[in-house]
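The structure appears below as structure tokens.
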Amino acid sequence: MRLTTAQALVRWMVAQRSELLDGTRVPLFAGVFGIFGHGNVLGLGTALHAAGDDLPTWRGQNEQGMALAAVAYAKAMDRRQVMVATSSIGPGALNMVTAAGLAMANRLPVLFLPGDTFNGRGPDPVLQQVEHYDDPTTTANDAFRAVSRYYDRVTRPEQLLATLPQVARVLTDPADCGPVVLALPQDVQAEEFDFPVGMFAERVHRVPRPRPDREAVAEAVRLLRTARRPLLVAGGGARYSGAGPALLAFATAHGIPVVETPAGRTLVPHDHPLHGGALGIIGATSANTLAGEADVVLAVGTRLQDFTTASWTVFGAGATLVSVNAARFDAVKHAAHAVVGDARETLLELHGALDGWVVDPVWTARAAAERGAWDAHVDTLRAGATPDGSLSYAQVLGVVNDASTPSDYVIVSSGGFPGEIHGGWRTVVSGAVAGGDTASSATTVSPAGGVSGATMDLEYGFSCMGYEVCGPWGASIARARTHPDGVVTTLLGDGSYLMLNSELYSAAFAGHPFVAVVCDNGGYAVIHRLQTGQGAAGFNNLFDDARGPGAASGLRVDFAAHARALGASVEDVPAEGTLEDLRAAYLRAKEAAVSTRRPAVVVCRTHPSTWTEAGSWWEVGVPAGLSGRAAYEEHKPAQVRWLG
């Protein structure tokens, strides 16, 4: 079949299929976010136009923003479907590098198709080309190499025959999953080749479930049987495996308390008797207390990043770590006993081998007791007043949490809200998602919409400002398919809104609704807290501490007017507004998003220094002479780097 490179690539994407957790077959590539320029408009753009509804293309306003939406789509679909992001060469391509970094850090699949300079070099140097004196093959797209799991520059049409199987492998592999970049030179996109017809036959890419090594399982069982105070840590890998029901059934059968990482949040119903809370710096004191006392930690699907481990001070020095992970790279970290395999299948095998083993009920009961004390603390924060009477982040979160259903979905990424939502959110799930009473019954649970049942995207691998405005666009597209009765809500501060807000218009234009709660706290308040909390002077974070006449004059942004101009409906809570005013505004915004099929924005004023804290330590570089140096010197020796 004689096709151009671009036509062949698009035709191949249309033919690829994936399977959701319930076995439903869906297109592997659900659509394309695109901004066209001279580097992609004629070759790839023409091919995409011909594909029509078979591969719908959505117009973005900013390349980074639309690519962040692509990442959020993949997470909402538990990595079972992928979006494509394409741009022209030069600045358009480089704008997508940040989104590739976010996908890389969070192990999420996205296919990036940046245009590239002419492979034949006939018109060199071309518009938007960067030239390297010693290497004419280097282009701006080489910046993607550090933030891509697989990178290739397509210099001949027939190269697709070798590279496309690798593209599909990386996008669907539970261990290697991450961003893929295919740089497409402008001339090569239009070159023709006689491609084999079989290349475009429908192909189903099932996400594999690798079983663990039997000896590794046996050793894990031996270690668990020695435990008096075991703890199960649920990570993002458990979510993507669809292991939530198996995980809860395993914990229930053996009486093991469960705590969650940011990527694993909302797998465990809040009121489950074994739920110990959210682990880490931005988590709950309850989970951190349990972690400090645990003698064997069973970490399932987590890379144990610093915010999860409180910079490796949350676990006791004598603890033993058993790490279940599809990626050996993650499983062997910190001298853990590595069990490499699919989370769900490994838990089922562990359960079978641990038949009859049950933890001391005194330790089992600690989960509910510790979490109850933490819940009481959060209740106080949600009901309490701030120094100036304005709203707090805890109160804003409580309003959204109280109004949420199991079909709703919430997104957070940067600033102060990760610290509120990780420790303070109370997950409500349907009975089907919660799972059965035994591990064997967990395999028969059919997840709603074909996805895991997780209702949160807490992007805390890259913590990218602006993701909170762009990500909901992609999540809204995904959740419209899996949970059409639900609403996506994003929570963010004024800093994130100002950093990247153009995709609010993209979502409004395309008819993809969500609710954005924008909290105006006068600048980059959470970094101001870190700065001043360590003894440094407030500088260049809050507007009041920044250079320029705007600080003295009180020059500020009218967020309500701005959001309205971008096509959103707006609820503007007055500066003196109460908690009930916010609650009413949020409910109206949810209704407006559904009825108008556009984003709805709630603007409120929040206190810049009232936060929820779990009291754990985070290692940051504190110079001598600042008051925070004493805490650094106290906690640094307590780091546990080797849990053998």
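Residues that are within 22 Å of residue 608 (Cβ to Cβ), open to solvent by less than 70 Å² (accessible area, probe 1.4 Å) and either touching a strand residue (DSSP E or B) at 6+ places or on another chain (Cβ under 6 Å) or modelled with pLDDT under 95 (or both) within region 557-573 comprise 559, 560, 563, 571, 573, listed in sequence order. Residues that are at pLDDT 95 or above and acidic (Asp, Glu) were ranked within region 338-368; the one that is nearest to residue 226 (Cα to Cα) is 360.
When the helices (runs of 4 or more DSSP H) confined to region 189-265 are screened for residues that are surrounded by fewer than 24 Cβ atoms within 10 Å (Cβ to Cβ), of a type in the set (A, V, I, L, M, F, W, C) and in contact with a strand residue (DSSP E or B) (Cβ under 8 Å, 6 or more places away or on another chain), those reaching at least 1 such residues are found at 214-225. Among the conditions (1) over 30 Å from residue 305 (Cα atoms); (2) open to solvent by 40 Å² or more (accessible area, probe 1.4 Å), residue 626 misses just one, which is (1). Count of region 152-177 residues, restricted to those that are assigned to a loop (DSSP other than H, G, I, E, B) and surrounded by fewer than 22 Cβ atoms within 10 Å (Cβ to Cβ), is 6.
The criterion of at least 1 residues that are more than 30 Å from residue 510 (Cα to Cα) is met by the following helices (runs of 4 or more DSSP H) wholly inside region 540-634: 549-553, 579-596. Return a yes/no flag: does region 265-286 have any residue that is among the small types (Gly, Ala, Ser), modelled with pLDDT of 95 or more and under 19 Å from residue 342 (Cβ atoms). No, because not a single residue in region 265-286 is among the small types (Gly, Ala, Ser), modelled with pLDDT of 95 or more and under 19 Å from residue 342 (Cβ atoms). Looking only at residues of region 133-151 that are in contact with a helix residue (DSSP H, G or I) (Cβ under 7 Å, 6 or more places away or on another chain) and in a loop (DSSP other than H, G, I, E, B), we find that the one that is surrounded by the most Cβ atoms within 10 Å (Cβ to Cβ) is 148. Within the option set 126, 130, being open to solvent by 30 Å² or more (accessible area, probe 1.4 Å), among the β-branched types (Val, Ile, Thr) and either closer than 23 Å to residue 41 by Cβ or not in a loop (DSSP other than H, G, I, E, B) (or both) holds for one residue only, 130.
For first residues located in region 101-117 and over 13 Å from residue 182 (Cα atoms), partners that are open to solvent by less than 10 Å² (accessible area, probe 1.4 Å) and in a strand (DSSP E or B) and lie 6+ apart or on another chain with Cβ distances below 6 Å form the pairs 109/82.
For region 286-306, check the following and say yes or no: at least one residue is part of a helix (DSSP H, G or I), buried (at least 24 other Cβ atoms within 10 Å of the Cβ) and β-branched (Val, Ile, Thr). No: region 286-306 contains no residue that is part of a helix (DSSP H, G or I), buried (at least 24 other Cβ atoms within 10 Å of the Cβ) and β-branched (Val, Ile, Thr). When the residues of region 349-388 are filtered to those that are part of a helix (DSSP H, G or I) and of a type in the set (Phe, Trp, Tyr), the one that is nearest to the chain's Cα centre (by Cα) is 374. Could you go through region 269-284 and let me know if any residue there is open to solvent by less than 10 Å² (accessible area, probe 1.4 Å) and either at positive phi or free of Cβ contacts under 8 Å to residues at least 24 places away in the same chain (or both). Within region 269-284, one or more residues are open to solvent by less than 10 Å² (accessible area, probe 1.4 Å) and either at positive phi or free of Cβ contacts under 8 Å to residues at least 24 places away in the same chain (or both). Counting only strands (runs of 3 or more DSSP E) that fall entirely inside region 1-109 and contain at least 3 residues that are modelled with pLDDT of 95 or more and open to solvent by 20 Å² or more (accessible area, probe 1.4 Å), the qualifying elements are 57-59. The set of residues in region 508-540 that are out of contact with any Leu (no Cβ under 9 Å at 6 or more places or on another chain) and among the polar types (S, T, N, Q) comprises 531, 532, 540.
The values are calculated or read from the model by the stated rules, or taken from the named source; none is laboratory data. Since the structure is predicted, the reported quantities are computational estimates derived from the model, not experimental observations. Because the Cβ atoms are built from the backbone with ideal geometry, glycine has one as well, and the counts that use them run over all protein chains shown. Calculation scope for accessible area: heavy atoms of the full protein, side chains included, ligands and nucleic acids excluded. Shrake-Rupley method; radii C 1.70, N 1.55, O 1.52, S 1.80 Å.
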